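Novice: Sharing a structure, written as structure tokens. Questions coming.
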Amino acid sequence: MKRILLLLTWILLAPGGAMAQATLFDYAGPDRMQKIAAAAKKEGTLTMYTTFAEKDQPALLNPFEAKYGVKMVVWRAGTDKVLQRTLAEAAARKYNVDVIHFGSPEMEALSREKILQAVRSPVHGDLQPGSVPSHREWAATLLSVWVQVYNTNLIRKQDLPRSYADLLDPRWKGKLGIEAKNEDWFASVVDAMGGGEKGLQFFRDLVARNGVSPRHGHTLLNNMVVSGEVPLALTVYNYMPEQAKKKGAPIDWFALEPAVARSNAIGVARRAPHPNAALLFYEYMLGEGQHYLAGMDYVPANVKAASPLKGVKILQTDPVRTLDERDKWTKLFEQIVLNPAN
């Protein structure tokens, strides 16, 4: 009986086995990657739906294709369109997509619709805290981190705040700016400042004492720091001031901890026509692909990869809260920060 069970296991786990598509997602043997790569090469191709910038795709995808012999077919669109197409095809039982890569809240929405396949990957342990939900149906690949940005002609580095509480100092009165659609950041900082009424009171005090000027668009806010109209911005994505700084602009950035980040994530479709190729690309995006992301100034989710925020404590926004409590936090953000007088 034992020999029969061993034989059945070998058959099921073999790349060409009858149930290879189902079992490799949980297979944890020492030859796991070799089996996945062999099965993926046999499938030969995979299709990805993504929001990932078209200009950055070659630097990320070409090495994967060259190493593993798997051809990538990519359909790129905005977040809403990727979500709508994936949901519509699943409802129509039209199974074209193998992997999806876009925002974590939208990935969680796909999980709730039973569209994604759970993956048990050893690389999950190398990711930033909060990168993998308990159901393991998606994992964060890169982080869009909000940092604090200042005009170097107006503010000295030694005078910068060292904590969120330091923003209450009167020296920042009339000098603070914020992006007007950052309720996720707001909710996370509320948590960091004690949660509930305590965290909300921090923002009430901040607005009452020093004021916070809202601006529409991170690029606009970044440019206003460069011009000096906003001496210190609270929520700009880290790569924006870095790029402006390299061009000689009087701007620099720092990160109050915990730095808040919104993640993009990858998930494998439950009905993927090329499941092994999809699984291989999933592993690639969380492992060796992280180095290519870092080389393009993205903040990788894998703590072993190089990062401009190496050593900084990062708090990822909660995608479940984003889905379930968006209206609540949008209303609180508007009432307390954007329109406190109303």
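The values are calculated or read from the model by the stated rules, or taken from the named source; none is laboratory data. Small disclaimer: the values here were computed from a predicted structure and weren't measured. Virtual Cβ from ideal backbone geometry, glycine too; neighbours counted across all protein chains shown. Please note that ligands, DNA and RNA were not included when accessible areas were found on the heavy atoms of the full protein model with its side chains. Shrake-Rupley method; radii C 1.70, N 1.55, O 1.52, S 1.80 Å.
Novice: Please go through region 326-342 and pick out each residue that is in contact (Cβ under 8 Å) with a residue 12 or more places away in the chain and within 17 Å of ASP191 (Cβ to Cβ).
Specialist: Going residue by residue through region 326-342, those that are in contact (Cβ under 8 Å) with a residue 12 or more places away in the chain are 326, 329-330, 332-333, 336-338, 340.
If the condition is that a residue be in contact (Cβ under 8 Å) with a residue 12 or more places away in the chain and within 17 Å of ASP191 (Cβ to Cβ), then ARG326, TRP329, THR330, LEU332, PHE333, ILE336, VAL337 are the ones that fit.
So that you can scan it fast, the table gives a plain yes or no per residue for (1) closer than 30 Å to ILE178 by Cα; (2) open to solvent by less than 10 Å² (accessible area, probe 1.4 Å):
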position	(1), (2)
GLU257	yes, no
ASN276	no, yes
PHE281	no, yes
GLU288	no, no
HIS291	no, no
ALA305	yes, yes
GLN316	yes, no
PHE333	yes, yes
VAL337	yes, yes
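Novice: On to the next question. Examine region 115-132 for a residue that is free of Cβ contacts under 8 Å to residues at least 40 places away in the same chain, assigned to a loop (DSSP other than H, G, I, E, B), of a type in the set (D, E, K, R) and open to solvent by 10 Å² or more (accessible area, probe 1.4 Å), and state whether such a residue exists.
Specialist: Initial filter on region 115-132 (free of Cβ contacts under 8 Å to residues at least 40 places away in the same chain): 125, 132.
Those still in the list that are assigned to a loop (DSSP other than H, G, I, E, B) too: 132.
The next check asks that each one be of a type in the set (D, E, K, R); those that pass are none.
Scanning region 115-132 turns up no residue that is free of Cβ contacts under 8 Å to residues at least 40 places away in the same chain, assigned to a loop (DSSP other than H, G, I, E, B), of a type in the set (D, E, K, R) and open to solvent by 10 Å² or more (accessible area, probe 1.4 Å).
Novice: Would you point out which residue out of VAL268, VAL260, VAL320 is in a helix (DSSP H, G or I) and in contact (Cβ under 8 Å) with a residue 60 or more places away in the chain?
Specialist: VAL320
Novice: Which residues, counting only those in region 39-78, are over 16 Å from VAL268 (Cα atoms), assigned to a helix (DSSP H, G or I) and aliphatic (A, V, I, L, M)?
Specialist: ALA59, LEU60, LEU61, ALA66
Novice: Would you check which residues across region 46-80 are free of Cβ contacts under 8 Å to residues at least 12 places away in the same chain and over 18 Å from the mean Cα position of the chain (by Cα) and list them?
Specialist: LYS55, PRO58, ASN62, GLU65, ALA66, LYS67
Novice: Then there's this: Evaluate region 274-290: report whether one residue or more is modelled with pLDDT of 95 or more, in a loop (DSSP other than H, G, I, E, B), in contact with a Ser or Thr (Cβ under 9 Å, 6 or more places away or on another chain) and within 15 Å of MET48 (Cβ to Cβ).
Specialist: Yes, region 274-290 contains a residue that is modelled with pLDDT of 95 or more, in a loop (DSSP other than H, G, I, E, B), in contact with a Ser or Thr (Cβ under 9 Å, 6 or more places away or on another chain) and within 15 Å of MET48 (Cβ to Cβ).
Novice: Moving on to the next point. Are there any pairs with C-beta distances below 9 angstrom linking a residue in region 135-160 that is closer than 30 Å to GLU113 by Cα to a residue that is modelled with pLDDT under 95 and loosely packed, with under 14 Cβ neighbours inside 10 Å, with the two at least 6 apart or on different chains, and if so which?
Specialist: ARG136/ARG120
Results for (1) part of a helix (DSSP H, G or I); (2) surrounded by fewer than 19 Cβ atoms within 10 Å (Cβ to Cβ); (3) more than 26 Å from the chain's Cα centre (by Cα), shown as yes or no for each residue.
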site	(1), (2), (3)
LEU143	no, no, no
LEU154	no, yes, yes
GLU197	yes, yes, yes
GLY248	no, yes, yes
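Novice: Here's another thing I want to ask about it. Filter region 164-189 for residues that are of a type outside the set (Gly, Ala, Ser), surrounded by 18 or more Cβ atoms within 10 Å (Cβ to Cβ) and closer than 28 Å to LEU154 by Cα and give the result.
Specialist: Filtering region 164-189 down to residues of a type outside the set (Gly, Ala, Ser) leaves 164, 166-173, 175-176, 178-179, 181-186, 189.
Now narrow it down to the ones that are surrounded by 18 or more Cβ atoms within 10 Å (Cβ to Cβ): 164, 167, 172, 175-176, 178-179, 182-186, 189.
Hits for region 164-189 are TYR164, LEU167, TRP172, LYS175, LEU176, ILE178, GLU179, ASN182, GLU183, TRP185, PHE186, VAL189.
Matching residues to (1) modelled with pLDDT under 95; (2) at positive phi:
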residue	(1), (2)
LYS198	no, no
VAL212	no, no
GLY217	yes, yes
ASN222	no, no
GLY228	no, yes
ALA233	no, no
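Novice: Give the residues of region 26-53 that are surrounded by fewer than 18 Cβ atoms within 10 Å (Cβ to Cβ), of a type outside the set (A, V, I, L, M) and farther than 19 Å from VAL70 by Cα, sorted by residue number.
Specialist: Answer for region 26-53, where residues must be surrounded by fewer than 18 Cβ atoms within 10 Å (Cβ to Cβ), of a type outside the set (A, V, I, L, M) and farther than 19 Å from VAL70 by Cα: ASP26, TYR27, GLY29, PRO30, ASP31.
Novice: Let me ask you something else. Residues that are within 26 Å of LYS328 (Cβ to Cβ), touching a helix residue (DSSP H, G or I) at 6+ places or on another chain (Cβ under 9 Å) and charged (D, E, K, R): does region 160-179 have at least one?
Specialist: Checking region 160-179: at least one residue is within 26 Å of LYS328 (Cβ to Cβ), touching a helix residue (DSSP H, G or I) at 6+ places or on another chain (Cβ under 9 Å) and charged (D, E, K, R).
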